[in-house]
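The values are calculated or read from the model by the stated rules, or taken from the named source; none is laboratory data. The structure displayed is predicted, hence computed values, not measured ones. For neighbour counting, all protein chains shown are included, and Cβ atoms are generated from backbone atoms with ideal geometry for every residue, glycine included. SASA here: full protein model, heavy atoms, side chains in, ligands and nucleic acids out. Shrake-Rupley method; radii C 1.70, N 1.55, O 1.52, S 1.80 Å.
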Amino acid sequence: MKAAILLMDNCFGTGINGILDALIAANYSLIKSGAMPLFEWELVSLDGNRVTPTNGLRIEADCDLASFIARPEQPDIWIIPGIYQSASNFEKVQTAMRQSEVMVPVLQRHVVDNKMIVCMCTGAFLLAQADLLGKNPALMHWRNEHHFRRAFPHLTIDSQNTIAEYGNLLCSIGGSMAYEYLVLRLVERFAGHQTAINTAKLLMMDLNAPPAAPYRAHQYQPEHQDALVQQAQLYLQRNSSQDISMVEVAQELNISDRQLKRRFAAALDCSPLQYLQRLRVNQACSLLEATQLPSNKIVLEVGYQDESSFRRLFKKQMAMTMESYRQQFGIQHQQHMAVG
């Protein structure tokens with residue numbers, strides 16, 4: 001299996017190296033099992049020059065795009081890493097999209113030839129430009145979701161899964177470990193389950209990727225310019241632990257309940273009640289991370305009287321129980337000062 005890996009300036013350098021390390025580990029696992037190595041790869045930049053990722057550690061390209069696609073033999077797999085790391089403004093996103101536009105016909109021909117595309121994080125923007133997602137939701141790091149919605153308002157985003165397969169399209173969210181998980185899925189598909197297990201153990205990773213929900217920064221909220229919704233958000237934030245009526249919130253803002261729902265949907269893609277539920281789950285996450293307060297006390301602290309109801313809500317939003325969340329992100333060990 002020959003893979004072409006796209007390089008672009010301001011890409012996520014750790015992701016590129018993570019892909020290479022995982023492919024090398026997969027080949028090593030195959031050799032140790034008595035099989036031949038399966039994966040070959042070339043690093044392709046648009047102009048053939050080395051690129052500078054956001055970490056500043058430059059990566060050398062093996063070939064320029066024009067020369068690469070002129071060859072009679074084309075790759076079995078195109079790997080599109082995060083083509084830029086989380087940008088601070090939409091204009092930077094647009095610049096990156098214009099630079100990568102030359103890849104659109106390349107990927108479209110690749111799909112017509114029934115070959116595979118592996119896409120990570122902001123690579124989803126390039127798939128959307130090439131109209132290759134169809135009705136499938138895009139996956140990316142949560143920091144880029146608001147940019148994607150602005151650029152492609154007709155498309156949807158999968159914020160729950162770490163990896164998704166759509167036929168010959170294999171996609172993942174961003175982050176350091178998502179790249180290795182994605183390659184493990186690639187290894188399992190083409191080299192078999194046992195080789196994927198061996199590779200995962202060699203990398204000291206779980207084979208199956210965890211859900212994405214727990215890793216979303218719960219303080220993060222999409223930016224918007226609706227002053228009334230901002231006012232409502234502030235009210236809900238200040239009173240989230242109280243018994244709140246959305247009708248009363250609407251009256252506080254001198255609008256109807258229906259108008260409040262419509263404005264929230266346009267600005268935040270959720271209802272006021274859903275926003276309040278997120279606030280309460282976020283507050284519970286903070287308490288689970290930083291305190292040893294029992295879970296039943298946390299439920300009361302965030303404004304719920306029905307413990308079972310809140311536990312269902314927490315598991316639905318975070319894809320794990322409160323106890324599992326604390327085990328993963330909470331304080332596990334007390335630190336003791338050394339006695340001299």
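If I model a spin label at I244 and E223 as a point 7 Å from the Cα along the Cα→Cβ vector, what separation in nanometres do I get?
The answer from the label model is 2.4 nm.
At 0.36 nm per residue, minus the direct Cα-Cα distance, what do E323 and M204 gain on full extension? Give it in nm, one decimal, please.
Answer, rounded to one decimal: 40.4 nm.
Can you tell which of C171, L133, L203 lies farthest toward the positive end of the dipole of the range 130-207, using +1 and -1 charges on the Cβ of basic and acidic side chains (Lys, Arg; Asp, Glu)?
Result: L133, furthest along the dipole toward the positive end.
So if we plug the beta-carbon distance of R312 and Q94 into 1/(1 + (r/R0)^6) with R0 = 45 Å, what FRET efficiency do we get, rounded to 0.05?
Calculated value: 0.65.
Run the numbers on the range 156-199 and let me know its relative contact order in percent, using alpha-carbon pairs under 8 Å that are six or more apart.
22 percent
How many Å² of accessible area per residue for the chain, probe 1.4 Å?
Heavy-atom SASA per residue in the chain reads 52 Å².
Quick one: angle between helix 227-238 and the longest Cα principal axis of the chain, in degrees between 0 and 90, rounded to 10, please.
70 degrees
At a 10 angstrom cut-off on C-beta neighbours, averaged per residue, how do the peptides 52-65, 266-279 rank from highest to lowest?
Listed from highest to lowest mean packing, they are 266-279, 52-65.
What does the charge count near G13 come to, summing +1 for each Lys or Arg and -1 for each Asp or Glu among other residues with Cβ under 15 Å from its Cβ?
Neighbourhood net charge equals -2.
Can you send over the carbon and sulfur percentage of the accessible area for the chain, probe radius 1.4 Å, protein chains only?
Within the chain, the accessible surface is 49 percent carbon and sulfur.
Can you give the local net charge around A66? Use residues other than it whose beta-carbon is closer than 15 angstrom to its beta-carbon, Lys and Arg +1, Asp and Glu -1.
-3
Pull up the DSSP beta bridges for the chain and report the antiparallel fraction as a percent, rounded to 5.
20 percent
If I take R0 = 41 Å and measure r between the Cβ atoms of D113 and T54 in this structure, what FRET efficiency does the formula 1/(1 + (r/R0)^6) give, to the nearest 0.05?
Computed FRET efficiency for D113 and T54: 0.80.
Residues of the range 161-187 with amide nitrogen under 13 Å from the 7 Å Cα-to-Cβ point of Q332?
It comes to no residues whatsoever.
So how tilted is helix 257-268 from the main axis of the chain? Cα-based, degrees 0 to 90, rounded to 10.
It is inclined by approximately 30 degrees.
Relative contact order, percent, of the chain when contacts are C-alpha pairs under 8 Å separated by at least 6 residues?
The normalised contact order for the chain reaches 13 percent.
Over the range 1-127, what is the percentage of antiparallel beta bridges among all DSSP beta bridges, to the nearest 5?
Percent antiparallel among DSSP bridges in the range 1-127 is about 5.
Considering only the other residues whose Cβ falls under 14 Å of the Cβ of N27, what net charge follows from Lys and Arg at +1 and Asp and Glu at -1?
That works out to 0.
Please give the helix 13-32 orientation as an angle from the longest Cα principal axis of the chain, in degrees from 0 to 90, rounded to the nearest 10.
Once rounded, one gets 60 degrees.
What are the equivalent ellipsoid semi-axes of the range 41-149, built from the alpha-carbon gyration tensor (square roots of five times its eigenvalues), in whole angstrom, biggest first?
Each semi-axis is √(5λ); the values are 22, 19, 11 Å.
What is the calculated FRET efficiency for R149 to S286, with r their C-beta to C-beta distance and R₀ = 25 Å, to the nearest 0.05?
0.45
Relative to 2.2 N^0.38 Å, what does the C-alpha radius of gyration of the chain come to as a ratio? Two decimals please.
It is 1.14.
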